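Contents: one structure, followed by commentary.
The values are calculated or read from the model by the stated rules, or taken from the named source; none is laboratory data. Everything quoted here is computed from the prediction, not taken from an experiment. Backbone-built Cβ (ideal geometry, glycine too); neighbour counts: all protein chains shown. Side chains are part of the model used for accessible areas, which takes the heavy atoms of the whole protein and leaves out ligands, DNA and RNA. Shrake-Rupley method; radii C 1.70, N 1.55, O 1.52, S 1.80 Å.
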Amino acid sequence: MPKTVDREEQRRQIGAALLQLVAERGLDEVSVRTVAAATGRSPGAVQKYFRTKDEMLTFAAELAGERIERRMAEVNTALPLRQALRDLILTTLPVDAERRAEATAQLAFAVHAAHHPRLAEIRRQVDQDIRQALATWLESAGHETHAVALADAVIALSDGLALRMLYTPQEHEHLLTVLDRTLNTLIPNSGAAARHLRE
């Protein structure tokens, strides 16, 4: 019998290889040929799934967003609000090899999206989905009035810390302290938080 090929799984494997390639060598090194080499395929085999580099980039951007959303969905939102927010932000920060590769790729995609409307559209949709989910959760946690503003602040904090962690990995511990201090300002939950800010 002919071997059945799972087309979607093949596309995901290629997309994952592209993300890793971007993380290791930068977006300029991505082509049908280099992605094919990274997956052990011929360029022709890759083009059965993606005709062009832009098609691969579009799919890989969606895949990166999907991974982040999946990790966020695994966070225990029954925890106290500040702790749950911290855990959500950590899902996006480059604190291990996998998340560093994704954050590097996401930064490269963000720059590329400035000149590529389709990629920009995907990034805006991922951002909107995360913003809406976060705001809805914050509303359910008792922040009805400022849920959207707080969601925007959390996303901006996450994006800024991820960027700095990429080019200053030696400052990870300091930047995690910055995360804690900022969350204590956004979500003051006790006198202990105030004391922490004054230290």
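Taking the range 1-40 as the range and being assigned to a loop (DSSP other than H, G, I, E, B) and open to solvent by 50 Å² or more (accessible area, probe 1.4 Å) as the test, the residues that pass are 1, 2, 3, 4, 5, 6, 40. Only a single item in (1) assigned to a helix (DSSP H, G or I); (2) open to solvent by 30 Å² or more (accessible area, probe 1.4 Å); (3) of a type outside the set (Gly, Ala, Ser) is not met by residue 95, and it is number (1). The residue that is modelled with the highest pLDDT, among those in the range 68-81 that are charged (D, E, K, R) and surrounded by fewer than 16 Cβ atoms within 10 Å (Cβ to Cβ), is 74.
Here residue 83 meets each of (1) over 13 Å from the mean Cα position of the chain (by Cα); (2) in a loop (DSSP other than H, G, I, E, B) with one exception, condition (2).
Close contacts from the range 101-117, counting a first residue that is closer than 12 Å to residue 20 by Cα and a second that is open to solvent by less than 30 Å² (accessible area, probe 1.4 Å) and outside any helix (DSSP H, G or I), with Cβ to Cβ under 6 Å and a gap of 6+ residues or different chains, come to 103/94. In this structure, residue 102 does satisfy being open to solvent by less than 30 Å² (accessible area, probe 1.4 Å) and of a type in the set (Asp, Glu).
When the range 157-169 is filtered for residues that are without any contact (Cβ under 8 Å) to a residue 12 or more places away in the chain and open to solvent by less than 60 Å² (accessible area, probe 1.4 Å), the ones remaining, listed by number, are 160, 168. Residues being open to solvent by less than 60 Å² (accessible area, probe 1.4 Å), not in a helix (DSSP H, G or I) and not hydroxyl-bearing (Ser, Thr, Tyr) are represented in the range 49-67 by at least one member. Here residue 123 meets each of (1) basic (Lys, Arg); (2) touching a Phe, Trp or Tyr at 6+ places or on another chain (Cβ under 7 Å); (3) over 30 Å from residue 52 (Cβ atoms) with one exception, condition (3).
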